Amino acid sequence: MNALPRADVPFLALLTILSIVSILTACFLGPVALPLSDMMAGFVGHGPDTVETIIWDLRFPRALAAFVAGACLGASGAALQGLLRNPLADPGVLGVSSSAALGAVAALYFNLTVFGMWVMPLAAILAALAATALLYALGAARVSTTRLILIGVGVSSFTGAMITLVMNLAPNPFALSDLVNWLFGSVSNRSLRDIAFVLPFGAVGLTCLLWVIRPLGALSLGEQTATSLGVDLKRVRRLTIAGASLLTGASVALAGAIGFVGIIAPHLCRPLVGHDPGRTILPAALLAGLMVVLADILVRLLPFAQELRLGVIAGLMGAPVFVWIAAKTAKLAP
């Protein structure tokens, strides 16, 4: 496993502190106004039972789930951008997230979760893996940014159509509600048990990506140069595809489809790590997790009768930034 450059440690430490602060802040904010003294007492386990339940059984797991889901997307987005050598690559834009959502929705529709809660994350991960492998087989590392996005649009359109078909065939309104929940993204009512189910998948995925930190940096110089430096390109591709797919599947299984986070976080972090795609992975994971926690806090505080879905807020905030990133990117080849 590759060691982290010392220059990255202060940046990572800052992002870690901000992430912890955001998660703790989320425990004190919500649609239900509680006295600060009761919340402080409940936070340390000496407050009213109701307050302790709200903090530790509702708000803390929700905030932690938002962070884990965002971190998975940030790391996978950074890795895919490094592998494909394309700053606009990310699980959402390339259709990987929607494919993972299709896998999870199919598991829900066919009631495969009766075999165990592990079936849904496994279905999401397998679908994400298939989509990523398909993108690479279609030459995603060699085509222009425009063509890559078009391929991603095609994959997203197909998986979107399949999801719509599953929704049309939903046997009852309750099943349809579950399907919509995964489609629009949400961390509402998540528990520590839900997080525990997906953490092993995310941990294995992140471990795969940590093994390719330095090779991805060399790959940014071109495949021939990377090969001359001793990089095993096949191994790097396998580990990156496997890691990104596991992380994307884990995120979708936990929070549903959340767009644009995987492209924005790496873009913001890249200039601070010398534009090295490998060194971008961990900072992007932390920043993406922080962004999703803040977005979920906003979801809870907005004064609407019905809570907005996290994926909707992420799209409203992320789409304009994506357009700005695309506009800043160098001329796209046809």
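Assorted remarks:
- Placing unit charges on the Cβ atoms only, positive for Lys and Arg and negative for Asp and Glu, gives the chain a dipole magnitude near 1080 debye about its Cα centre.
- Mean residue ellipticity (222 nm) of the chain, computed from DSSP H runs ≥ 4 via -39,500 (n - 2.57), nearest 500: -22500 deg cm²/dmol
- Note on Leu112/Thr225: beta-carbon distance plugged into 1/(1 + (r/R0)^6) with R0 of 51 Å gives a FRET efficiency of 0.65.
- Segments 183-189, 152-158 sorted - mean Cβ within 10 Å per residue, highest first: 183-189, 152-158
- Accessible surface of region 9-82 [probe 1.4 Å, protein heavy atoms]: carbon and sulfur percent: 77
- Remark: the Ser157-Val21 segment gains 45.1 nm on full extension, using 0.36 nm per residue and subtracting the alpha carbon distance.
- In the chain, the longest principal axis of the Cα atoms and the axis of helix 60-84 are about 10 degrees apart.
- Note that the chain presents 45 Å² accessible area per residue, ligands and nucleic acids not counted, probe 1.4 Å.
- Cα gyration tensor category, rounded, prolate or oblate, for region 189-334 with a/c compared to 1.5: oblate
- C-alpha long axis of helix 173-184 to longest principal axis of the chain, angle in °: 50
- Nearest 10 degrees, 0 to 90: helix 9-28 Cα axis against the chain principal axis: 30
- Structure-derived P(r) over Cα pairs in 10 Å bins from 0, in percent - corresponding label in (i) 6, 27, 34, 22, 9, 2, 0; (ii) 5, 24, 32, 26, 11, 1, 0; (iii) 6, 28, 39, 24, 4, 0: (i)
The values are calculated or read from the model by the stated rules, or taken from the named source; none is laboratory data. On a predicted model such as this, the values are computed, not experimentally measured, just so you know. Heads up, the Cβs are rebuilt from the backbone with ideal geometry, glycines too, and the neighbour counts pull from every protein chain shown. We work out accessible area using only protein heavy atoms, side chains counted, and drop any ligands, DNA or RNA first. Shrake-Rupley method; radii C 1.70, N 1.55, O 1.52, S 1.80 Å.
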